[in-house]
Amino acid sequence: MKTKTTDCMFLLNCQSCDDVVKLVDKPRLCECGKSAGAHYANGTYVSSGPARVLSITWEAYDGITEGESRPFTVLPRVQTRRQP
Ligand SMILES: [Zn+2]
């Protein structure tokens, strides 16, 4: 289910297994388990492992139609203090 507590959807993209996971307010792992991340209701996010965090605004995501292209942003790395 989609929750829109923030302006953007954040996606964790593990560069080891190429999995993509939507970040939520508790830690989630990629398929291989090397990357993890979370995206909190206050807009902050964390990640660990060989991961990129991508963001796309809900406005761009919800407004898209088939065959259309929309931009996403690769966010700066924010590491967790310890592995979740
Ligand atoms: Zn992985």
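The values are calculated or read from the model by the stated rules, or taken from the named source; none is laboratory data. Predicted model only: the values in this text are computed from it and were never measured. In this analysis, Cβ positions are derived from the backbone assuming ideal geometry, glycine residues included, and neighbour counts consider all displayed protein chains.
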For the range 45-72, which positions are under 11 Å from the mean Cα position of the chain (by Cα) and either farther than 15 Å from Leu11 by Cβ or of a type in the set (D, E, K, R) (or both)? Arg52
Residue satisfying all of: in the range 1-27; within 11 Å of the ligand (Cβ to nearest atom) and either in a strand (DSSP E or B) or in contact (Cβ under 8 Å) with a residue 60 or more places away in the chain (or both); surrounded by the most Cβ atoms within 10 Å (Cβ to Cβ) among these: Leu12
Spot the failing condition for Pro84; the list is (1) at pLDDT below 95; (2) under 11 Å from Met9 (Cα atoms), and only one is missed. (2)
Sort out which residues of the range 31-64 are within 11 Å of the ligand (Cβ to nearest atom), among the hydrophobic types (A, V, I, L, M, F, W, C) and more than 16 Å from Leu75 (Cβ to Cβ), and write them in order of number. Cys32
It is to be established whether one or more residues within the range 37-55 are at negative phi, without any contact (Cβ under 8 Å) to a residue 24 or more places away in the chain and touching a strand residue (DSSP E or B) at 6+ places or on another chain (Cβ under 7 Å). no
Val74, sole failed condition from (1) of a type outside the set (Gly, Ala, Ser); (2) away from the ligand (no atom under 16 Å from the Cβ); (3) out of contact with any Lys or Arg (no Cβ under 6 Å at 6 or more places or on another chain); (4) within 18 Å of Cys17 (Cα to Cα): (3)
Within the group Gly33, Gly43, Gly67, Gly37, which residue is part of a loop (DSSP other than H, G, I, E, B), surrounded by 12 or more Cβ atoms within 10 Å (Cβ to Cβ) and among the small types (Gly, Ala, Ser)? Gly33
